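Encoded as structure tokens, the structure appears first; notes follow it.
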Amino acid sequence: MSGGDHRDQPRSAAALARDALAREWAGAISTSAYVSMSPEDIHRYLRDLTDRLMAALTGPEVDTQIAADVGARLVAANFTGPKSLSRTLEVLADTLPGTGRIDVDRPTGRVIEVLSALAAGYSWALRDRVFDQQEDMARTLLHVGRDVEQALVACEAQFREMVDSSPMGIILSEPGGRIVRTNAALDTRLGYTGGELLGSELSELFATDPDELAAAHQAYQRLSRGQESRIRMPGRLRHHNGESIELHLAVSVLRDTEQRPRYLATMLDDSTELGLLKTWLEHQTLHDLQTGLPNRQYFVSHLEWVLGRLDPSEVVTLLHLDLDCFSAINDGLGHCLGDRVLDVVGRRLRKVVADHRTMVARLGGDEFAILIEPGDQVPDVGVLAETINIELAEPIHLGDTKTAVTATIGAVQRKAGGADHTELLRSAGATLRRLRGKGKRQWGMFDARADATERAELLLAAELPGALRTGELQVAYQPVVALNDTRLVGVEAVMSWRHPELGVLPHERCVQAAEQTGLVYAVGARILQAAADRAVSWRRRFGADVPPVAVNLTPLQMQDPDLVAAARAVLDRTGLPPAGLELRAPVAAIRRADGLLAGDGGAVAEDNLRVLAELGVYIGLYDFAGGIGGLRCLADLPVYAVQVAAPVSVQVAADPSRILSQSVHALVHIVRASGINVIAFPVNSAEQAVCWPWVGANWGVGDLLGPAGPPEHIERLLAARARLP
């Protein structure tokens with residue numbers, strides 16, 4: 001791929017991510033209010049707002065003005081339904097952090113700052129819209145007649161209905177300050193009876209702070225002199241009982257027919273409502289709606305803040321918990337009761353760590369996190385984990401039903417000095433993932449060595465798609481030979497990765513990386529196609545008695561319902577006779593250790609092998625170590641060959657007691673007596689080469705007998721085989 005392609009890729013991926021966010025955003029809010037746009041217009045509109053938010057988020061500093069403008073634009077487009085803002089915050093909080101590369105400090109804190117500014121801009125724009133509507137109504141009514149008195153007489157019923165029913169407090173005053181009308185909302189808010197304020201001076205309602213009174217007087221003077229047509233400002237008015245109330249004031253000039261200021265309309269809204277809204281929005285942004293616990297964004301930001309203020313020598317403890325088999329509760333009892341279980345779990349976790357300075361958060365799904373700040377002593381994670389599971393194991397009463405849960409816990413303890421909050425979270429999460437495969441109710445500390453190994457494997461998996469495109473992944477061929485005379489009896493097609501830094505990687509590591517990335521089907525198809533093509537080529541050159549080419553299929557491939565169709569398509573496409581191909585399955589993909597089928601996948605794998613055998617394809621087994629499962633496969637399927645599991649080969653050759661080798665000897669002879677070929681694997685040493693003929697294997701594969709390599713190596717063996725009498 002050219003350098004230009006590499007440069008285009010990140011921009012294309014980012015654009016796709018933003019486009020997906022805009023569509024999700026549109027789906028979340030388009031039905032919450034009437035918007036006179038088509039679905040595509042809504043998507044384009046929100047796509048532009050998404051770009052603006054990313055610009056606000058990724059600059060040197062968070063641009064709260066842009067974010068606030070996005071909130072105002074939502075109001076301008078009429079996205080003002082009851083759930084428009086809350087759904088917007090939910091979607092952006094979940095999706096915005098992963099939409100583009102935020103290569104700055106405190107990414108989570110930045111997202112929270114952007115969303116808070118958006119919410120504030122939305123709230124102010126919505127307030128301004130209400131004020132504008134009130135002002136337009138007042139002007140419309142006032143200009144019905146030649147002047148205010150005529151309008152009031154002509155439209156008295158309408159004016160009274162409009163003013164008196166308004167939820168905002170309204171004062172109509174003369175330019176000099178005398179109050180000529182108030183509405184019920186104003187009287188109630190300030191503690192007066194109807195009409196009690198008429199004839200009073202407006203200045204008497206303002207709090208006694210000289211600076212505030214002077215500022216209000218100057219503002220009203222500018223309106224009266226015609227220097228401004230409207231003002232909006234915070235203010236404090238005096239309640240009838242003498243207390244002051246913080247309010248927001250919008251004051252407009254009402255002019256007569258000669259455009260002279262005739263009255264001033266002052267509308268008031270309680271700014272404490274905005275404060276409550278802002279507090280609610282911040283809480284919704286930072287907390288899990290189900291449990292009330294801090295959410296992932298809040299937890300990450302708090303962890304970063306804690307690490308920044310601690311002494312470098314102080315130790316923090318981070319636990320990442322995953323409830324065991326919680327899906328069984330959701331599926332068995334229903335999601336409603338599952339949510340109640342999550343509530344109980346959150347309360348119990350807080351109870352367990354109540355004696356520490358902590359934060360308990362729900363990271364999502366059935367995952368929780370606990371941050372324990374330094375105290376008198378570093379917590380014993382083993383004791384803490386056991387205490388948590390004892391507490392969680394207490395029955396949870398859900399009406400007539402009782403249930404209980406346990407948790408698997410990954411833990412990290414690290415000094416604050418030099419610790420990075422993202423690395424701490426990653427380490428705890430990686431520890432949890434490693435524990436999940438070991439059973440339930442496990443706990444473990446972060447292991448740097450195991451983590452390094454796992455990260456190396458994950459890095460390899462991440463590099464695999466590129467290697468598949470650039471040709472670093474190639475199919476190699478390894479001979480299968482008779483142990484008694486080293487005659488070529490088969491060929492194995494394996495994957496070989498010519499890694500630019502690690503050298504040539506064997507088939508097993510290629511398959512492991514493919515299974516982690518989901519490319520196992522693509523890699524498997526590549527091997528199968530290449531093996532068939534090569535087998536056809538060899539048959540043309542060396543005759544029809546070329547031994548079959550074998551491919552070891554992965555468990556996922558074997559349990560694929562489309563395997564037979566894929567194999568048939570390859571045979572039809574290449575013209576290879578079915579007997580020219582051998583497909584092998586791992587025993588564990590078919591049968592468990594107890595001999596039962598390996599679930600639904602095992603049944604599919606067994607059916608696949610039977611149909612392939614009916615087509616004429618040779619079928620085999622690999623990773624064969626005896627046991628009930630392996631023997632059931634031999635008894636139920638027309639097996640052509642079995643390849644012994646590598647650990648058996650290694651241990652048999654190194655068995656001084658001969659007990660293991662004699663046991664394997666008996667097993668192998670039973671298999672051979674059934675007419676099934678037994679392949680020793682791997683035969684990499686002289687000791688293995690000597691022991692396996694005695695044990696009873698008739699074929700072998702390994703570096704000692706011929707390493708995997710390019711097809712030319714096999715062609716030399718085929719040519720020599722063809723010259724034999």
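The values are calculated or read from the model by the stated rules, or taken from the named source; none is laboratory data. Keep in mind that what you see is a predicted model, and the values were worked out from it rather than measured. When we count neighbours, we look across all protein chains shown, and the Cβ atoms used for this are built from the backbone with ideal geometry, even at glycine. Protein only, heavy atoms only, side chains kept; ligands, DNA and RNA dropped before computing areas. Shrake-Rupley method; radii C 1.70, N 1.55, O 1.52, S 1.80 Å.
Projecting the Cα atoms of GLY706, VAL300, GLY242 onto the charge dipole of the chain, computed from C-beta unit charges around the Cα centre, puts GLY706 farthest toward the positive end.
For the peptides 469-478, 405-414, the ranking by mean Cβ contacts within 10 Å, running from highest to lowest, is 405-414, 469-478. With R₀ fixed at 56 Å, the C-beta to C-beta distance from ASP485 to ILE628 puts the FRET efficiency at about 0.95. Rounded to the nearest 10 degrees, the inclination of helix 381-392 to the longest alpha-carbon principal axis of the chain is 70 degrees.
For region 18-92, a Kirkwood hydrodynamic radius built from all Cα pairs, placed in the Stokes-Einstein relation at 37 °C and 0.692 mPa s, yields a translational diffusion coefficient of 265 µm²/s. A protection proxy built from the mean count of other Cβ atoms within 10 Å ranks the segments 354-364, 215-225, most packed first, as 354-364, 215-225. Can you give the FRET efficiency for ASP331 and LYS83, using 1/(1 + (r/R0)^6), R0 = 22 Å, r = Cβ-Cβ distance, to the nearest 0.05? E(calc), rounded to 0.05, equals 0.15. Taking Cα centroids, how far is region 407-458 from region 600-669 in Å? Centre-to-centre (Cα) distance: 36 Å.
If R0 is 56 Å, what FRET efficiency do you get for THR422 and ALA673 from their C-beta distance, rounded to 0.05?
0.40
Close Lys pairs in the chain (alpha-carbon distance under 30 Å; sequence gap of 8 or more, or different chains): 10. Placing +1 on the Cβ of each Lys and Arg and -1 on the Cβ of each Asp and Glu in the chain, which of PRO261, GLY524, LEU483 has its Cα farthest towards the positive end of the resulting dipole? Among PRO261, GLY524, LEU483, the one farthest towards the positive end of the dipole of the chain is LEU483. The angle between the Cα long axis of helix 599-615 and the longest principal axis of the Cα atoms of the chain comes to about 50 degrees, rounded to the nearest 10. Taking the helices alone, the chain has a mean residue ellipticity at 222 nm of -17000 deg cm²/dmol, built from -39,500 (n - 2.57) per DSSP H run of at least 4 residues and averaged over all its residues.
Which semi-axes, in whole Å and largest first, does the equivalent ellipsoid of region 677-720 have when worked out from the alpha carbon gyration tensor as the square roots of 5 times its eigenvalues?
Numbers: eigenvalues 97, 26, 13 Å².
Taking √(5λ) for each Cα gyration eigenvalue gives 22, 11, 8 Å.
Between the alpha-carbon centres of region 216-257 and region 373-406 there is a gap of 58 Å.
If you take the square roots of the eigenvalues of the alpha-carbon gyration tensor of region 168-211 and sort them as a ≥ b ≥ c, do you get rounded (a/c under 1.5), prolate (a/b over b/c) or oblate?
Note, shape of region 168-211 comes out oblate.
Annotation: region 189-247 has a Kirkwood hydrodynamic radius of 12.6 angstrom, from the mean reciprocal C-alpha pair distance.
Taking the 1.4 Å solvent-accessible surface of region 583-630 as the whole, the part contributed by carbon and sulfur is 56%.
Once you have a ≥ b ≥ c as the square roots of the Cα gyration tensor eigenvalues for region 603-724, tell me rounded if a/c is under 1.5, and otherwise prolate or oblate according to whether a/b is larger than b/c. It comes out oblate by the Cα gyration axes. The stretch between ASP311 and ARG716 holds 138.9 nm of extra length on full extension. This uses 0.36 nm per residue minus the Cα-Cα distance. Net charge of the neighbourhood of GLU243, taken over other residues with C-beta under 13 Å away and scored Lys/Arg +1, Asp/Glu -1, is +2.
Rounded to whole Å, the principal axis extents of the Cα atoms in the chain read 126, 60, 52, largest first. Compared with the dominant Cα axis of the chain, that is its longest principal axis, helix 659-673 is turned about 80°. Restricting region 174-253 to GluC sites (Glu not before Pro) that sit in a DSSP loop and have at most 16 other Cβ atoms within 10 Å of their own Cβ leaves GLU196, GLU228, GLU243. Annotation for VAL378 and ASP48: the two label points, set 7 Å from Cα along the Cα-Cβ direction, are 5.6 nm apart. In the context of the full set of protein chains, the chain has a per residue accessible area of 48 Å² (1.4 Å probe).
Volume per residue for region 453-575 equals 136 cubic angstrom (convex hull of Cα atoms). Sorting 53-66, 520-533 by average packing, meaning the other beta carbons within 10 Å per residue, from highest down gives 520-533, 53-66.
Computed as a quarter of the hull surface, the mean projected area of the alpha carbon convex hull for region 353-402 stands at 4.5 nm².
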